[in-house]
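Just below is one structure, and these are the notes that go with it.
Read the figures in this text as sums done on the coordinates, not as results from a lab. Bear in mind the structure is a predicted one, so any value in this text is a computation, not a measurement. Cβ placement follows ideal geometry from the backbone for every residue including glycine, while neighbour counts extend to all protein chains displayed.
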């Protein structure tokens, strides 16, 4: 696809028939406006934040199979343990865009951020980004600069911490079983 | 096909944009008027019969006219996404339907499709046809509950009993297939959890024959009802460009004149092999959203019928993929094959491993585009699961649609956006 | 004052109808036996019995649907499960007019304060049914966001298991509540407080 002129484009990846554009956070708003106007990605479908803290710890993650993939005819194959590729920074913020045109083109704009690094708000490009960005702040602690109403959306206003981060505990209670005292 | 009005083209619903500024999701009262005694601030919810779940709206009223609205959500936040990161892939499928608890089959479907996309699994045709059938039955179910409750809120109380009568028929079909009425957990990675039981197809045919008469009943009660029309026509206007800018999908978008349906335009399962009509209406008001959903119920019945035609010819076909690294082997094999025993053990205890990657899969749920963004690190548990909830975007349109409405209309408009708070808060 | 105590502890012999009558040879269940024991100890007067009877015949629930269980709670109003035969189809929106609070669905931490407020607004006598696994114990959501059982904030009379419970399951819970009230068992707020 001709996304080469996207402002701030750092790299393009194609996987699972999806296109991911990695963009410099400083030029995110320009890139989004470019994609909306030049490539007709009129709709912002989703903003998903991911925390990669602890990514790739051996023993937990990693795909077991042969170098050619999983071979159905060799069920005992315990080939390579392929550890996942390392990620550049801790957080990724993914903007899923959709072109409401025949062909249903989709693209993912991805920015990589450190802990505390802010991202500019795209509310000026798509007003529907409002609540998605608030949720990214609330649940992941990604500060959004220029957001008109940067308050917590889902958790209580006075909640401390950002629940979906990997270093935030799951919480809950230990389950007591009847019969044990 | 879909055409987007360019900014300079005249939008038939209203000109320009009505999205409030600077905060698109909060309608604020003019500051000069705000502190006078004329403005009454009312708290709507979270416990209120007309908010389709626990939605809290802080409404500023000037007399009976709504001049300010601020939606507050989070009252049923369950921490789904964090819980799903701790459970193996197939245990996560149990969590998915409880997110949007009216369209539970679509939630399961989108999560399972995302896992299968990462795995690159081939799904047998019988499973895909059955998944389509159940998803469409679920669409009818969701629209029935919506219609019953939306009419109940506006005072057409008897609609509730009519729609729930058909809802019970759909739940009977669910119970016949999967053993449980709601949150059936019938979709499994690779296909279906079990074969379609005998006797299902005739029962489903009976339902398909009955349903058009039932929809005619609902139309008879509401379509030309003068009170219903007065309470819904011309209210809650949302123009095409505003709907797209706010990320609306589904019936809300189609009632604003945008011809967009993921089943037809970005097909998944076998939607490209069935014929169905996609209702699109131009006025962008509450009445049109109601009509779109009624027509969608009719279209879903057509799809269910076509799925039944195909399924009846697929008796005896496999209902789940054959990949033993992901799918449990049949129990008879466990007695004779060592490899099957090991596979069974590994899949049940550790869970199957899904290759590294990130995918975004979207389906057309009764509320719009339900998307699932999954990141896998190659392990037996998801790294990140995020559900893109259509009601989340629909609630963002509250401030735009209720401008100038009376407080009674606020109920009608928020009801017509068909939000389910479970998926808004996740 | 000596009160004439009938020999049988079967609720049916006191004129109470319950589904267990559909299984004639079964004999009293544990629940009925317990209620029978309580009844013989509590010594309700005829007036108290009459009041208890009338309390159960129109126990109006509050419209308190939170999540998936709310849909099954709505279906008990529908014609197949028909809660109107118990006089309970009048779901009141105002807690001040309601007798029964059916907590149907998972209770988020943010929702705990509104629930406590609504419970306080209800007038006595009032009963609470925790419907579903989430309201009874936190359900499958053992995490930071969900209150692990609503009995941490309000006293609960009946717990109905299920995810979501079938409408018949909820009806069974409601009928057991009726039987408790008619047996003279005090409502939960009188007996104990909340679980901690």
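Taking a ≥ b ≥ c as the square roots of the eigenvalues of the Cα gyration tensor of segment B:273-396, is the shape rounded (a/c under 1.5), prolate (a/b larger than b/c) or oblate? Because a/c hits 1.5 or more and a/b fails to exceed b/c, segment B:273-396 counts as oblate.
FRET efficiency for the pair residue B:201 and residue B:333, taken as 1/(1 + (r/R0)^6) with r the Cβ-Cβ distance and R0 = 25 Å, rounds to 0.30.
Among B:340, B:174, B:135, the largest mean-square fluctuation in a Gaussian network model of chain B (Cα springs under 10 Å) belongs to B:340. When each of B:275, A:147 is scored by the number of other beta-carbon atoms lying within 10 Å, the sequence from fewest to most is B:275, A:147.
So if we plug the beta-carbon distance of residue C:124 and residue B:42 into 1/(1 + (r/R0)^6) with R0 = 22 Å, what FRET efficiency do we get, rounded to 0.05? Could you put the intermediate results ahead of the total?
On the way: r = 28 Å, r/R0 = 1.27.
About 0.20, to the nearest 0.05.
Centroid-to-centroid, using Cα positions, segment C:64-120 and segment A:87-118 are 41 Å apart. In terms of Cα atoms, the Rg and Dmax of the protein assembly as shown work out to 27.2, 96 Å. As a calculated quantity, the FRET efficiency between residue B:15 and residue B:230 at R0 = 35 Å, using C-beta atoms, amounts to about 0.90. Label separation (residue A:26 vs residue B:33): 4.5 nm, computed from points 7 Å beyond Cα along the C-beta direction. Nearest 10 degrees, 0 to 90: what angle lies between the long axis of helix B:200-222 and the longest principal axis of chain B (Cα atoms)? The two axes meet at around 0 degrees. The helix-based estimate of mean residue ellipticity at 222 nm for chain B, built from -39,500 (n - 2.57) per DSSP H run of four or more residues and divided by its residue count, is -14000 deg cm²/dmol to the nearest 500. Remark: spin-label model distance residue A:114-residue A:145 equals 1.5 nm, labels positioned 7 Å along the Cα→Cβ axis. Panel note: the C-alpha atoms of segment B:1-145, placed on their principal axes, show extents of 65, 41, 30 Å (largest first). GNM on chain B, alpha-carbon springs under 10 angstrom: the most fluctuating residue among B:305, B:364, B:108 is B:305. Against the main long axis of the alpha-carbon atoms of chain B, helix B:338-349 sits at an angle near 30°.
Using only alpha carbon pairs under 8 Å that are at least six residues apart, calculate the relative contact order of chain B and give it in whole percent. Provide the component values of the computation, followed by the final result.
Values: 800 pairs, mean separation 111.6, N = 426.
Relative contact order for chain B comes out at 26 percent.
Roughly how many whole Å is it from the C-alpha centroid of segment B:376-426 to that of segment B:156-231? Answer, in whole Å: 24.
Helix B:407-416 and the longest principal axis of the Cα set of chain B meet at an angle near 20°. With a ≥ b ≥ c the root eigenvalues of the C-alpha gyration tensor of segment C:101-196, is it rounded (a/c under 1.5), prolate (a/b larger than b/c) or oblate? In terms of gyration-tensor shape, oblate. For the pair segment B:78-147 / segment A:1-36, the C-alpha centres are spaced 30 Å from each other.
Label zone of residue C:93 (point 7 Å out along Cα→Cβ, amide N under 17 Å): in segment B:57-72 this covers B:57-61, B:64-66.
With neighbour counts taken as other beta-carbon atoms within 10 Å, the residues C:181, B:110 rank, fewest first, as C:181, B:110.
For chain B, set up a GNM with springs between Cα atoms under 10 Å and report which of B:184, B:249, B:349 has the largest fluctuation. Of B:184, B:249, B:349, the most mobile in the Gaussian network model is B:349.
Taking a ≥ b ≥ c as the square roots of the Cα gyration tensor eigenvalues, with a/c under 1.5 meaning rounded and otherwise prolate when a/b beats b/c, else oblate, which class fits chain B?
Here chain B falls in the prolate category.
If each residue's Cβ is checked for other Cβ atoms within 10 Å, how do B:270, C:159 rank with the fewest at the top? Numbers along the way, then the final one.
Numbers: B:270 16, C:159 19.
The fewest-first ordering by Cβ neighbours comes to B:270, C:159.
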